[in-house]
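What follows is a short report on a single structure.
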Amino acid sequence: MDQIRADQAELPKAQRYKIGDLLSRINLAKATYHDERKRIANPNDKYCEVKKVIRRICEQGKVRGRLTYGYRRVQARLDQLGIHLAGATIRHLMSELGVQVEIYNHHRNGKYSSYHGRVGSVADNVLQQ
């Protein structure tokens, strides 16, 4: 996109391609284009130091080699250290780092099933239906 725009910089404005036309041609939303330009212009990660602290906190909370600290515990520890972040931000950073809780309930799988097999008796198929 930017290369096309740079190539057309010396053309009169009426002859240049419009950003909206170019984006619709490549099926890219305007908001996505501008967000990516902003991200490329400023590559610094503002949560770089916080991510290191979160990783350290989660490593301290390991039990038998498994991660046990959820975002609430991590948030409480961060508050003790004087780092105040929203819970949603902490959940997002933890998912980026891949430090999700590995043990969170006693169920083997999280699915409920009321199936007990064939219960009762099945009537004879007298009507052949």
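The values are calculated or read from the model by the stated rules, or taken from the named source; none is laboratory data. If you're wondering where the values come from, they're calculated on a predicted model, not measured in any experiment. Using ideal geometry, Cβ is built from the backbone for each residue, glycine included, and neighbour counts are taken over all protein chains shown. The area values use the complete protein model at the heavy-atom level, side chains included, leaving out ligands, DNA and RNA. Shrake-Rupley method; radii C 1.70, N 1.55, O 1.52, S 1.80 Å.
A few notes on this one:
- ALA31 passes every criterion in (1) open to solvent by 70 Å² or more (accessible area, probe 1.4 Å); (2) within 16 Å of MET1 (Cα to Cα); (3) under 19 Å from the mean Cα position of the chain (by Cα) apart from (1).
- Tally of residues being under 24 Å from ASP2 (Cβ atoms), open to solvent by 80 Å² or more (accessible area, probe 1.4 Å) and among the acidic types (Asp, Glu) across the stretch 37-88: 0
- From the options ARG16, ARG5, residue that is more than 22 Å from HIS92 (Cβ to Cβ), at pLDDT below 85, open to solvent by less than 100 Å² (accessible area, probe 1.4 Å) and of a type outside the set (A, V, I, L, M, F, W, C): ARG5
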